[in-house]
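A quick write-up on the structure given underneath.
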Protein chains: 2
Amino acid sequence: MTQVFVEPIGVTVEVPESETLMDALARVGIDVPNVCAGRGTCGKCLIRLGAGELTPPTEVELRKVPEKLRDAGWRLACQARPASSRVSVEVRETSGRRRILTTSRLHHGRPHPAVTRVTAALDPPALGDARSDLERVQAVLHGVEVPYQALLEIPDVLRENGWRATFTRYGRRLIDVETPEAAGVAYGAAVDIGTSKIIAYLFDLVRGEQIDAEAVENPQMRYGEDVVSRIARATPEARPELAAAARAGINQCLGVLYARQGIAPRHLYDVTVVGNTAMHHLALGLPAQGLGAAPYAPAAAEAVTVRGADLGLDMNPEGGVHFPPPIAGFVGSDALAVIAATRLASKRRPSLAIDIGTNTEIALVHDGRVTVTSCASGPAFEGYQITHGMKAVAGAIEKVRIDHEGRPAHLATIGGGQPIGICGSGVVDLLAGLVRSGVVDPSGRMVSHPLVRKGENGSSEYVLTSGPVGEIVFTQHDVRNLQLAKGAIATGWSLLLQSLGIGVDDLCRVYVAGAFGNYLDLANAQAIDLLPPVPRERVVFVGNAAGVGAQMALIDVRARRRMARLRARITFLELAGNSDFQDAFAARLGFRDVG
Amino acid sequence: MTQVFVEPIGVTVEVPESETLMDALARVGIDVPNVCAGRGTCGKCLIRLGAGELTPPTEVELRKVPEKLRDAGWRLACQARPASSRVSVEVRETSGRRRILTTSRLHHGRPHPAVTRVTAALDPPALGDARSDLERVQAVLHGVEVPYQALLEIPDVLRENGWRATFTRYGRRLIDVETPEAAGVAYGAAVDIGTSKIIAYLFDLVRGEQIDAEAVENPQMRYGEDVVSRIARATPEARPELAAAARAGINQCLGVLYARQGIAPRHLYDVTVVGNTAMHHLALGLPAQGLGAAPYAPAAAEAVTVRGADLGLDMNPEGGVHFPPPIAGFVGSDALAVIAATRLASKRRPSLAIDIGTNTEIALVHDGRVTVTSCASGPAFEGYQITHGMKAVAGAIEKVRIDHEGRPAHLATIGGGQPIGICGSGVVDLLAGLVRSGVVDPSGRMVSHPLVRKGENGSSEYVLTSGPVGEIVFTQHDVRNLQLAKGAIATGWSLLLQSLGIGVDDLCRVYVAGAFGNYLDLANAQAIDLLPPVPRERVVFVGNAAGVGAQMALIDVRARRRMARLRARITFLELAGNSDFQDAFAARLGFRDVG
C-alpha cells in the first residue's frame, strides 16, 4: 500500500500496488480528464510525478506523451502505478473544472497585437543593384528598427531561401527573421503573478484567441506565504533568487504549454504580466524595501517593457515582456487590469469592483474619478488556512445548504463525485448557513450542537460530512480566520464608500473578481458581510478579471496605452493610514446583520 | 647571447645577458620613451613580452607598472634583461615617433557627444509623495528611456546616496546610474579597423579631447593578410571566430588604454568603428560572402548602432557601438570617414582624396557629386612585402636622397639613430632617386651599377646602406611590387578623373591620407606616378583621415547623421568592371614620365 499525496488538492490517498493512479484518484473523487476510459488511447489523463517512484513508462506512454513532457515528469494516470511507499503526484490545473482558469465573462476587444508578421519576397542582388540586404528589407518594412540579433539573421535567411523570408516585428523593432514557411505562427502569453499562484494564458496572436492555459504554485511560496514576509525576505542578496523563482514559475507554465501545444519557444513573442506591486517588483528584480514601510514608494510604477532575454524567460529572446503599471505600493497592476477589464472608469454611476484574494483590491468609480484601496485579507477564501479547505478543483464541496436545525441539507462537489475537501464558495455557504441556524453565534463562537464536537486541540469543530479521504470538519479556528478575512474586506469597501460619501444603495454595479469565479452564492456572501448588500441584478461575477486585463494588454497594444492613461486617473486611498480603520474593522468582525 | 625579436618592427637583435633591453634596443637605434635615462623612475619605457623569458620584475617595476599591465606582459625596458635563448618583445606602438598615430591636420569640430551626464538631487519619498523612484528620475530627465539594466540600478543607487545620483544617457536612453561622485567621467573610443592594424583613439567625451591611443595588429591576420582571403575564410562556421578575433583586437587596445589611464571599462560609453566593408562585416559578425563575388552586395550598408554587450566589447555593456555606413561592397566606412574628415563633398571645385593603404580608396568631388572608387594596391607602401621594409617607427629610413650617379647622398632615420630598415616614405624617395639616376630603367628593370649586385636568388639588388642589424638592400622584386602598387593607384585616380571628364590641372585640392602621414616627399611621389602631378600648394597630407572621421562621429553625434546623408550622395565607380582598367593599368606600370 502506497501513500499518494495529490497536489494541488492537498489530499492523501492509499493506493495498492496493483491499482493505476487513475483508478485510485477516481475512487476518492478526483477526476482526471479521460475520454478513452483508461485504454491509453486518448493521452489526456496527464499527471506529474513530484516525489517517490512510479512504475516505468509503458509503451503506450512512450507513444502518447511527448518526450519533453516525459522529461518533466508527466505520466498517464491510466498507465502509472505506485512503485515506492510514498509518492506525490500533481494533477493538471487545467484539467476538468479548475475554475481559476475558466473564461471570464469579460471580453478582450478586437486583436491589435504588438507583434506583426509579414512574409515577403525581396529583389535579389543583380548587376546594377548592389543594395545591401538591409536596404532590401527596409524597402519592404519601411522604418523598421533592426536590433543586432535580427541584423545577424537577415543575410543567411535571405540567401538560403531565395530572398524570401518571414519577418516578425514587435512595434517597430524587427525581432525575428525566419524561412517563409514560418508564416502565420505567433504566440503570446498573458501572465497573472499572484502571491500564491502564477497563471499563464497562451494566445494565438494572429487570431487573437486563447488556446490553452496553465497554472503553477508561485515558487516564491518558500520565501513566505504573504506579501509582507516576501518583501522582508527580499534583501539585496536574496533579490536575484526571488526574481529567479518568479521567472522559473512562468517558465514552468510556458514549458508545459509548449509541450502540450507543440510550440517552439522562439515563436512566443510577447508576454504581458500583471500582479500586485510586490510581485511586480520581485519578478522584475527590483528592490521591494520601499513597499515595506511608509510612504510605500515603489521603485517603478510606470509601464515597463523589457526583452525576453533580460528576464531569462523561455521565449524569443528579442520578444517583449510588458508589465502594465502598478497603481501604488499596495495596489498592483492586477488591480489596474481589473479596472480595465471591467471598464469601471467609464461607468456613469457609482460602481465598485472587488478582487478577492490574499490581498483584496477594491476600486470605486464616482463622477469619473476612480479611487482604489487594498486590504490584507489572507487566503482563507481561496481555501488556504482552512482545516479541510482546498482549491476549486474536482472533489471540492462548492455548494452547501445548512437547514434551520444546523444540519447539512445539501452538498455539491465540483465534478459531482464524493467530497474530499471544501473550497471557497462552499466555505461561504457553510459559514452563512451555520450563522443563520445559530450554530455560530453573532460573535463567531461555535455553540453546542449535535454536530459540534471537541477536536484534538480541545477547540470546537463542526463535522460536515465524510468522504473517501476521511471526515470533513469546519473548526472554530476556521471561523476566526474567515471573520478576519471578511472583516478586512468589508471594512475596505465600507470605508471606501464612506470616504466618498456614497451609500451602498447608490451603487449601480458591483463587479466581483477573484478565485471564486462565477460560483459564489451572492446571498450567502452578503449574509456574512463579505459583499455589500445590493440587489442581485447589480452584481456581476467576473472571474479572473486581472487575467483578462493582462489578456487585453496582450492582444491589443493600444490597451497598454489606455491602461497607462487610466492609471494616471486613479487615486489611491491608504487604509492603513486611516484612523477609522481599526474601529471599523473591529465593528465588522461579527455577524450582526445576518437575517 | 639571446636573439631578441622586436615587434612590430620586425628586426632581431643580439643581446648579452648582462644588457638591459633598453640598452640593447638603443644600440640598434630603436627608441623607447624614457625621460629618466634608465633609472626606473619615469616608468615610460614599457615593452611587452611576447615569447620566451625575461628576468623577473624588479622592485622598481612592481612599483611603477600597474598590476593589470604587468599581467598583460608589460615590462620596463630599463629593468628587464633576457632570460632565455630566444625572446620576442613588442615595443609600444604609441611610443616615440610612430607616425600612424600622429595627430591629423584635420580637426574634429565642436564636441556634441551621444553621451550626456547629469548629477541630480531628487526629492526623497515622503508622506504625501509616494511617487515611484522612476517617476522621480523622469521628473529630472524628461522623456528618458530606461532599459532594463538602468531600471535595476536606479533604486539602490538612489537609496544608498541620499537620493542623489549621476545619470548617463546615450541619446535618450539611460545607460548608467552611479553615485554622485562619478560626475564628469565619460570616455569614448574611435576605432579604425584596418585589414592589418586596429587603432583605437581614447577620448574624454566631456572635454571632447583625445587623451591616448593604442594600436595592435589585427588578430584576423592569421586568417589571411588581405581582404579577399579573409572573405574566403569567413564560412558560416568560421564567421564567429573572425568576429571574435576583430573584437579581441579592439579589446586589446582598450585594455592597454584602461590600464595606462586608470579608467574603468564601465566608463567607456561610446565607440565608433570605421573600416573597409569586409572588416565592417566581419567585426559585426555579418556574412561577407556577398562581398566576394559580383554584384558585391553587402549584408548591411546602413549606419548601425549596437550595444557594447552585443559585441562583447570590454566597455559599459549598455553603451553604444556605432558603425558609420560602408559606401559599397569594396568601399568601406573608412572611405566615408576620409570624405567626411576632409570635407571633400563641400568643395566647389574638383578635388580628390586618396587614402593609400592595402586597399586604396579614391574619391573625387565635382559639381557637388562625390564619386568614389577603390583599388587593391597591396601593402608595399606601408613597408610590408619589401625586403627590408618596416613600419614608420624609430630606426626606419624615412628620407633618402640619391645623387645623379645613383649613390645615396643622404639618409634620415626616424629618431635620428642608425638605420634598421626602410619605411614607406623612404621607399618612395629611393625608388624615385634610382629611376632618376637611371639605376632603375623606365620599364622598372635594375641596370648594372656599382651598388647593384646579384642577390642570393640570382636577381639584382641595390645595396643602400648597412646598420646595426646588417645590410639594407632594395631588390628587383621590391621594385616590381612597388610598380604594381603605384600602377593600381595611378590607374585608379586617372580613370576616375577620366570618367568625369576632368583633367589633372582642373584639380583644386588633392588630399593624401594613409600611413605615410605627413612625411611623403611630394615630388618623388609624383615622379613615380603615385600621385597626380599637381602644384605642391594644392596637395594636403592629412595622415589617418579615416581615424579622424571616426573621431568626428565619436565626439559629435550630429556628424553621424551627416555621414549617413553624405553616403547617400556618393556614387561608386566599379573599376574591376571597367573594360579600360587592364589597359590603363598596363600603361601605368612604367616610369615614362620621370624627368
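Miscellaneous remarks
- Number of positions in the range B:213-237 that are surrounded by fewer than 18 Cβ atoms within 10 Å (Cβ to Cβ) and within 14 Å of chain A (Cβ to nearest Cβ): 3
- The set of residues in the range A:309-324 that are assigned to a loop (DSSP other than H, G, I, E, B), over 16 Å from A:ALA264 (Cβ atoms) and more than 18 Å from the chain's Cα centre (by Cα) contains only A:GLY312.
- Among residues that are in a helix (DSSP H, G or I) and either surrounded by 14 or more Cβ atoms within 10 Å (Cβ to Cβ) or assigned by TED's automatic domain parsing to the domain that holds A:LEU25 (or both), A:ARG75 is not included.
- Which numbered condition B:ALA165 misses (of (1) more than 12 Å from chain A (Cβ to nearest Cβ); (2) under 28 Å from the mean Cα position of the chain (by Cα); (3) aliphatic (A, V, I, L, M)): (2)
- Positions within the range A:312-329 being closer than 27 Å to A:ILE339 by Cα and among the hydrophobic types (A, V, I, L, M, F, W, C), in sequence order: A:VAL321, A:PHE323, A:ILE327, A:ALA328
- Here the condition is being in contact with a Phe, Trp or Tyr (Cβ under 9 Å, 6 or more places away or on another chain), surrounded by fewer than 24 Cβ atoms within 10 Å (Cβ to Cβ) and touching a residue at least 12 places away in the same chain (Cβ under 8 Å); of A:GLY444, A:GLY438, it holds for A:GLY444 alone.
- Meets criteria (more than 29 Å from B:VAL13 (Cβ to Cβ) and at pLDDT 90 or above) for B:ARG480: yes
- Residues in the range A:123-143 that are away from chain B (no Cβ under 11 Å) and touching a Leu at 6+ places or on another chain (Cβ under 9 Å): 3 in all.
- Screening the candidates B:GLY389, B:GLY406, B:GLY415, B:GLY424 for the property of being touching a residue at least 60 places away in the same chain (Cβ under 8 Å) and at positive phi yields one hit, B:GLY415.
- Of all residues making up the range B:230-288, the number that are in contact with an Asp or Glu (Cβ under 7 Å, 6 or more places away or on another chain), assigned to a helix (DSSP H, G or I) and either among the hydrophobic types (A, V, I, L, M, F, W, C) or assigned by TED's automatic domain parsing to the domain that holds B:LEU174 (or both): 4
- Selection within the range A:203-212 - in a strand (DSSP E or B) and surrounded by fewer than 24 Cβ atoms within 10 Å (Cβ to Cβ): A:ASP204, A:GLU209, A:GLN210, A:ILE211, A:ASP212
- Among the conditions (1) in contact with a Lys or Arg (Cβ under 8 Å, 6 or more places away or on another chain); (2) in contact (Cβ under 8 Å) with a residue 40 or more places away in the chain; (3) farther than 14 Å from A:TYR187 by Cα; (4) within 14 Å of chain B (Cβ to nearest Cβ), A:GLY320 misses just one, which is (3).
- Residue count for the range B:46-72, restricted to those that are farther than 18 Å from B:ALA259 by Cα and among the charged types (D, E, K, R): 2
- Qualifying residues in the range A:262-304 (those that are of a type in the set (Ser, Thr, Tyr), crowded, with 24+ Cβ neighbours inside 10 Å and within 20 Å of A:ALA568 (Cβ to Cβ)) - the one farthest from the other protein chains (Cβ to nearest Cβ): A:THR272
- Residue within the range A:175-189 that is within 19 Å of the chain's Cα centre (by Cα), in contact (Cβ under 8 Å) with a residue 60 or more places away in the chain and closer than 30 Å to A:VAL256 by Cα present: yes
- Of all residues in the range B:141-194, those being surrounded by fewer than 21 Cβ atoms within 10 Å (Cβ to Cβ) and under 30 Å from B:VAL216 (Cα atoms) number 2.
So that you can scan it fast, the table gives a plain yes or no per residue for (1) at pLDDT below 95; (2) closer than 27 Å to A:ASP355 by Cβ; (3) not assigned by TED's automatic domain parsing to the domain that holds A:THR360:
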position	(1), (2), (3)
A:LEU431	no, yes, yes
A:PRO442	yes, no, yes
A:MET446	no, no, yes
A:PRO450	no, no, yes
A:LYS454	yes, no, yes
A:VAL463	no, no, yes
A:GLN498	yes, yes, no
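- Qualifying residue in the range B:307-319 (condition: surrounded by 24 or more Cβ atoms within 10 Å (Cβ to Cβ) and either in the same structural domain as B:THR358 (by TED's automatic domain parsing) or of a type in the set (Gly, Ala, Ser) (or both)): yes
- The residue that is modelled with the lowest pLDDT, among those in the range B:414-425 that are more than 20 Å from the chain's Cα centre (by Cα) and surrounded by 24 or more Cβ atoms within 10 Å (Cβ to Cβ), is B:ILE420.
- From B:VAL557, B:VAL504, residue being modelled with pLDDT of 90 or more and touching a strand residue (DSSP E or B) at 6+ places or on another chain (Cβ under 7 Å): B:VAL557
- Within the range B:355-412, tally of residues that are among the charged types (D, E, K, R), assigned by TED's automatic domain parsing to the domain that holds B:TYR511 and surrounded by fewer than 24 Cβ atoms within 10 Å (Cβ to Cβ): 2
- Residue list for the range B:340-362, restricted to those being under 13 Å from B:GLY275 (Cα atoms), outside any loop (DSSP other than H, G, I, E, B) and not hydroxyl-bearing (Ser, Thr, Tyr): B:ASP355, B:ASN359, B:GLU361
The values are calculated or read from the model by the stated rules, or taken from the named source; none is laboratory data. Because the structure is predicted, anything quoted here is derived from the model rather than measured. Neighbour counts run over all protein chains shown; Cβ positions are idealised from the backbone, glycine included.
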